[in-house]
Amino acid sequence: MTTTQNPPTAVTGDTRTTKPASQQKSQQKADRADAWRRRAPLMPALIFVIIVTQVPFLLTIWYSLRSRNLLRPEGEQFVGLSNYGDLFLDSTFRQAALNSVLITFGCVFIAMLLGLGLALLLDRKFFGRGIVRTLLITPFLIMPVAGALLWSISMFNPTYGLVNWLIGLVGISPVDWTSEYPMTSVIVALVWQWTPFMMLLLLAGLQSQARDALEAASVDGASAWQTFRYITLPHLRFYLELSVLLGAIYVVNTFDHIYLMTAGGPGTASANLPFYIYQRAFLGFDIGQSAAMGVVTVIATIALALLALRLIFTSINAKEQS
């Protein structure tokens, strides 16, 4: 009786393998439709970002493949990669690329050290800490143009600048800072403006570390340096990498300070890549060469950002696994 009441084995097997598969496919379609429905409100913003960023970049690549000079419009023609090849024969371009590296790494490294010191100071409680923190943040809130003019006119002016007045008190002769030390002058002005940014990021990292770990280290008799070396510094690794990444991306595009403080001079001694691109595009009217420089600069910046992001994600994964 039991054998005759059961359905055939083949039919039962076909039903059990076909029905779950169809249900799974329907569920996947429903999930994809729901995902697209949730993404739909973001599509106009995504399309707008693609239009305003990728279309100009594609046009820049197109111009970089052509010999286009606004003073000789009749000579425009397709030249392939010759504009890129000429870049590596251009000694001024190599000098500008080297200056960009020196300005970026010099500014980011010094600003990070100063920002770390100020963040350690502000992480402690003392009278007037709120006022000191507000005053230290102020340089980052000033427009880059205003900051460049402030340092060029009020601080480094050879006749009435504050720096020359200070060194005159100890008997040192006045110095024309922006002419004799153009790279140093630009780096000092950029460090003054970007130190508060580093300080804010590192202060957030310091205030997020567990206080019980610091108290345990104090109970165990660890010195201040040992606590900083083995507890605080590993905790700040992610914040240090993030501040270096963001600072490098912004500083490598510096134009205002170069243009207003040194005009890339003397000669091209302090010209970086953005300023040299500006010179070739708007003073030399060589659109093809300047477009090739812009493409190379963007690719180099993206490569630097990807490397830094990889280091940051490695740091995050290591922190989550620990």
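The values are calculated or read from the model by the stated rules, or taken from the named source; none is laboratory data. Note that the coordinates shown come from a computational prediction; the quantities given were computed from them, not determined experimentally. As a convention, Cβ positions derive from the backbone with ideal geometry for all residues, glycine included, and neighbour counts pool all protein chains shown. Each accessible area value is taken on the protein alone, full model and side chains, heavy atoms only, with ligands, DNA and RNA left out. Shrake-Rupley method; radii C 1.70, N 1.55, O 1.52, S 1.80 Å.
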So is GLU215 in a helix (DSSP H, G or I), surrounded by fewer than 16 Cβ atoms within 10 Å (Cβ to Cβ) and acidic (Asp, Glu) or not?
-> yes
Does the range 153-172 include one or more residues that are farther than 30 Å from MET261 by Cβ, touching a helix residue (DSSP H, G or I) at 6+ places or on another chain (Cβ under 6 Å) and not small (Gly, Ala, Ser)?
-> no
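Okay, residues lined up against (1) under 26 Å from THR184 (Cβ atoms); (2) without any contact (Cβ under 8 Å) to a residue 24 or more places away in the chain:
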{"residue": "ALA269", "(1), (2)": "yes, no"}
{"residue": "GLN279", "(1), (2)": "yes, yes"}
{"residue": "PHE282", "(1), (2)": "no, yes"}
{"residue": "PHE285", "(1), (2)": "no, no"}
{"residue": "SER290", "(1), (2)": "no, yes"}
{"residue": "GLY294", "(1), (2)": "no, no"}
{"residue": "THR301", "(1), (2)": "yes, no"}
{"residue": "LEU304", "(1), (2)": "yes, no"}
Looking only at the range 258-278, count how many residues are within 15 Å of ARG94 (Cα to Cα) and under 25 Å from the mean Cα position of the chain (by Cα).
-> 11
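So that you can scan it fast, the table gives a plain yes or no per residue for (1) open to solvent by 60 Å² or more (accessible area, probe 1.4 Å); (2) under 30 Å from PHE78 (Cα atoms); (3) under 22 Å from the mean Cα position of the chain (by Cα):
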{"residue": "LEU246", "(1), (2), (3)": "no, no, yes"}
{"residue": "ASP256", "(1), (2), (3)": "no, no, yes"}
{"residue": "LEU283", "(1), (2), (3)": "yes, yes, no"}
{"residue": "GLY294", "(1), (2), (3)": "no, yes, yes"}
Can you tell me which residue within the range 296-319, out of those that are open to solvent by less than 40 Å² (accessible area, probe 1.4 Å) and among the β-branched types (Val, Ile, Thr), is nearest to PHE238 (Cα to Cα)?
-> ILE312
Pairs where the first residue, in the range 238-264, is farther than 25 Å from MET155 by Cα and the second is of a type in the set (S, T, N, Q) and surrounded by fewer than 20 Cβ atoms within 10 Å (Cβ to Cβ), C-beta under 8 Å, 6+ apart = PHE238/SER315; GLU241/SER315; ILE249/THR301
Does the range 33-65 hold any residues that are under 26 Å from THR297 (Cβ atoms), aliphatic (A, V, I, L, M) and open to solvent by less than 60 Å² (accessible area, probe 1.4 Å), and which are they?
-> ILE61, LEU65
Residue list for the range 226-243, filter: open to solvent by 30 Å² or more (accessible area, probe 1.4 Å) and closer than 16 Å to LEU118 by Cα = PHE228, LEU233, TYR239, LEU240
Within the range 148-166, how many residues are without any contact (Cβ under 8 Å) to a residue 60 or more places away in the chain and over 25 Å from the mean Cα position of the chain (by Cα)?
-> 13
Just name the residue that is nearest to THR262 (Cα to Cα) out of those in the range 177-204 that are touching a residue at least 24 places away in the same chain (Cβ under 8 Å) and surrounded by fewer than 18 Cβ atoms within 10 Å (Cβ to Cβ).
-> SER179
